[in-house]
Amino acid sequence: MSQNFHALIPEIKSRIKEECVRETPQDNETLIGLPYPYVISGKGKQEALYYWDTYFINLGLLRMRMIDYARHNVENLIFLLRKFGYVPASNAREMLTHSQPPFLPWMVRDIYRATGEKEWLRRMLPDVVHEFKFWTSKPHTTPTGLYRYHPAKEGAADPATLAMAESGWIDSPRFTDPRSFNAVDLNALLSRNARMIYDLQVEAEGHGDELLLQTSAAMKKMMDFCWNETEGFYFDNNFEEKKLSSVKSLAGFMPLFVEMVDEKRAQHIQSHLKAFTAPGGFTLTDQPYDKTSSIWNAPLIQAPYVYTTLKGLCDYDFMEDAADIGTNWLTMVQENYAATGELWAWYNAADRSVRHPDGVDNSPMLSLTAGVYAEVVDCLGLD
């Protein structure tokens, strides 16, 4: 079985090189020009470089030893950060109003681990620190001391819609307006980012900013605002209404991915897997599908949250669960690739297809889903 999963990767690598590498050296009507070639998510994502997608794309690129492609992706994001003061959701002009979940430190760390180039790391670190300050300053601050999604600039859409776009969970039942919520995934990431940046500073310079350590520790404690002791699970916190959301989502597993909880709390989180498991692995939330929830609800699943959830389970040694769920997802992806010749943006985990309950068009997403596919194969020890 493991050999079958791994056998798909060389073919995917070849196709990424042939189909998904783009160059936009100059600004044009739809895109901001970028200094290096970049890898797009797939045919359904215009011709742009997307921030959130790039982290998961790079996982696969590095696993496939396509290091220069991954490095150029990161350097293009740094270019956008320097140009706009934050990393926009993509270099598409219509996406410049907001960012996406902050994975830049993770990408810089991964490139450094792959290359060992300390001077490159030193050059990137001031930008990584700048981005962290962007996320931990107004308008992202809230009265709890935790942070929220909030657009950086005004746009054609209303601010609530732009904040939803920044979270990535567009039309999700998680929240109607993310500006009123301390999102579990965002704050778990930022807590880990603070510690990660400190560790990278120590690696590059021999010392780090102690304030980052203090910030990480404080945020870890403040994440109790999102913890439901009765349920034993993390929920988004509505800080305006001073209550937790009732919607259970895979974002609640993000504290495992960032390794911020003790074993007891991890076991509580793990016990909720049954609310999400399906024949094709996971569903994104525990909510029944309705027509307002687009592609961010059951029975659908997108590759990024497959990876973050499975990686968290592996890191806390819930290997049996990770292996069962991960194998189901890999099999579903492989079977649909054999049937359609594509990797897709999302999958229907209930019937193991690429069909939407209401017939919404799916998009081929070769590079994005390939990155998660390759990393899950490795995470489960299948290669």
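The values are calculated or read from the model by the stated rules, or taken from the named source; none is laboratory data. Computed from a predicted structure; not experimentally measured. No Cβ is skipped: glycine too gets one built from the backbone with ideal geometry, and neighbour counts run over all protein chains shown.
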**Item:** Filter result (in contact (Cβ under 8 Å) with a residue 24 or more places away in the chain and more than 24 Å from the chain's Cα centre (by Cα)) within segment 11-28
**Value:** T24
**Complete:** Only one of D53, D68 is assigned to a helix (DSSP H, G or I), acidic (D, E) and crowded, with 22+ Cβ neighbours inside 10 Å, namely D53
**Asked** Which one of the conditions (1) farther than 24 Å from Q201 by Cα; (2) in a helix (DSSP H, G or I); (3) in contact (Cβ under 8 Å) with a residue 60 or more places away in the chain does M164 fail to meet, given that it meets all the rest?
**Response** (3)
**Request:** Select from segment 30-44 the residues that are assigned to a loop (DSSP other than H, G, I, E, B) and either free of Cβ contacts under 8 Å to residues at least 12 places away in the same chain or more than 16 Å from I12 (Cα to Cα) (or both) and write down the one among them that is nearest to the chain's Cα centre (by Cα).
**Result:** G44
**Message:** Based on this model, can you work out whether Y198 counts as within 30 Å of S353 (Cα to Cα), hydroxyl-bearing (S, T, Y) and either at pLDDT 95 or above or part of a loop (DSSP other than H, G, I, E, B) (or both)?
**Reply:** no
**Fill in**
Within segment 251-266, of all residues that are part of a helix (DSSP H, G or I) and among the hydrophobic types (A, V, I, L, M, F, W, C), the one farthest from the chain's Cα centre (by Cα) is A266
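The rows are residues; the columns are (1) part of a helix (DSSP H, G or I); (2) in contact with a helix residue (DSSP H, G or I) (Cβ under 8 Å, 6 or more places away or on another chain); (3) more than 15 Å from G381 (Cα to Cα).
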site: Q287; (1), (2), (3): no, no, yes
site: A298; (1), (2), (3): no, no, yes
site: Y305; (1), (2), (3): yes, yes, yes
site: A338; (1), (2), (3): yes, no, yes
**Single match in L146, L59, L81 (criterion: in contact with an Asp or Glu (Cβ under 6 Å, 6 or more places away or on another chain), under 21 Å from R195 (Cβ atoms), buried (at least 22 other Cβ atoms within 10 Å of the Cβ) and touching a residue at least 40 places away in the same chain (Cβ under 8 Å))** = L59
**Message:** Checking the structure you have, find out if any residue of segment 119-135 is within 29 Å of M223 (Cα to Cα), touching an Asp or Glu at 6+ places or on another chain (Cβ under 6 Å) and either among the basic types (K, R) or in contact (Cβ under 8 Å) with a residue 24 or more places away in the chain (or both).
**Reply:** no
**Complete:** Sole miss for A217 among (1) surrounded by fewer than 20 Cβ atoms within 10 Å (Cβ to Cβ); (2) within 18 Å of Y149 (Cα to Cα) is condition (2)
**Request:** For segment 227-249, enumerate the residues that are within 10 Å of V184 (Cβ to Cβ), not in a strand (DSSP E or B) and not charged (D, E, K, R).
**Result:** F235, S245
